[in-house]
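Input: a single structure, listed below in structure tokens.
The values are calculated or read from the model by the stated rules, or taken from the named source; none is laboratory data. Note that the structure is predicted; figures quoted are calculated from it, not measured. Heads up, the Cβs are rebuilt from the backbone with ideal geometry, glycines too, and the neighbour counts pull from every protein chain shown.
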């Protein structure tokens, strides 16, 4: 089992729709969870981080964490073509200081 | 405020040659990370430093890779000898103690070993 798993996609949604990206992790003791966005040929950039169970909203983005189910998701409301990118889920596992373990990423395409 | 700086941005070399990648972290950041990204393996942590000391290099092939951080504002990742399987994008990232653990990535170095 991979430590951080994501559906590789590609995921296609029409412009204006809600895009839902999912991630599961294997280390139950993981404390910190991150979503990075990576445009083709560019470096990853942070979208959101979440530490506590529940929802965290920032503009059109909502991160959801359920530690009991070892599941973290990212919702993008009113999706725009500029949201088309690969979304990387990352986790800091227990006892690993500040080391991020990344999932393989989900490729999102927002169709105009 | 300048972000993480990496050089070169692109490197093409022949198998067996030495390659040196360079990174300047964000000023004040005391953690520095080196990652490698390939289509097959995704984003993998090779090594990371805290206050210039290596904290974990378990992801780095030690027979050919070496990483150094001689001062707080400069790090190198050296590959000697390089092999075609080392072809990848190498990212450097930094963060600071007491922050939200957010890592800021440099633009990356695309390495091609022929």
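A few points about this structure:
- Top-ranked residue in the stretch B:83-114 [being under 13 Å from the mean Cα position of the chain (by Cα) and more than 9 Å from chain A (Cβ to nearest Cβ); ranked as surrounded by the most Cβ atoms within 10 Å (Cβ to Cβ)]: B:92
- Any hit, the stretch B:107-114, residues being farther than 25 Å from residue A:38 by Cα and in contact (Cβ under 8 Å) with a residue 12 or more places away in the chain: yes
- Of everything in the stretch A:32-52 that is assigned to a strand (DSSP E or B) and more than 9 Å from every other protein chain (Cβ to nearest Cβ), the residue that is farthest from residue B:111 (Cα to Cα) is A:50.
- The residue that is nearest to the other protein chains (Cβ to nearest Cβ), among those in the stretch A:18-31 that are in contact with a strand residue (DSSP E or B) (Cβ under 8 Å, 6 or more places away or on another chain) and not in a strand (DSSP E or B), is A:31.
- Failed item in (1) at pLDDT 95 or above; (2) within 12 Å of chain B (Cβ to nearest Cβ); (3) assigned to a loop (DSSP other than H, G, I, E, B), with residue A:95 passing the rest: (1)
- Selection from the stretch A:53-73 of residues that are assigned to a loop (DSSP other than H, G, I, E, B) and surrounded by fewer than 14 Cβ atoms within 10 Å (Cβ to Cβ): A:53, A:59, A:68, A:69
- Residues of the stretch B:3-15 satisfying the condition of being loosely packed, with under 12 Cβ neighbours inside 10 Å and over 17 Å from the mean Cα position of the chain (by Cα): B:14
- One residue alone among A:112, A:81 is away from every other protein chain (no Cβ under 14 Å), surrounded by fewer than 20 Cβ atoms within 10 Å (Cβ to Cβ) and touching a strand residue (DSSP E or B) at 6+ places or on another chain (Cβ under 7 Å), and that residue is A:81.
- Only a single item in (1) without any contact (Cβ under 8 Å) to a residue 24 or more places away in the chain; (2) in a strand (DSSP E or B) is not met by residue B:100, and it is number (2).
- Residue within the stretch B:61-82 that is more than 14 Å from the chain's Cα centre (by Cα), over 23 Å from residue A:104 (Cα atoms) and within 14 Å of another protein chain (Cβ to nearest Cβ) present: no
- A single entry from B:82, B:66, B:58 fulfils the requirement of being over 24 Å from residue A:37 (Cα atoms), free of Cβ contacts under 8 Å to residues at least 24 places away in the same chain and assigned to a loop (DSSP other than H, G, I, E, B): B:58.
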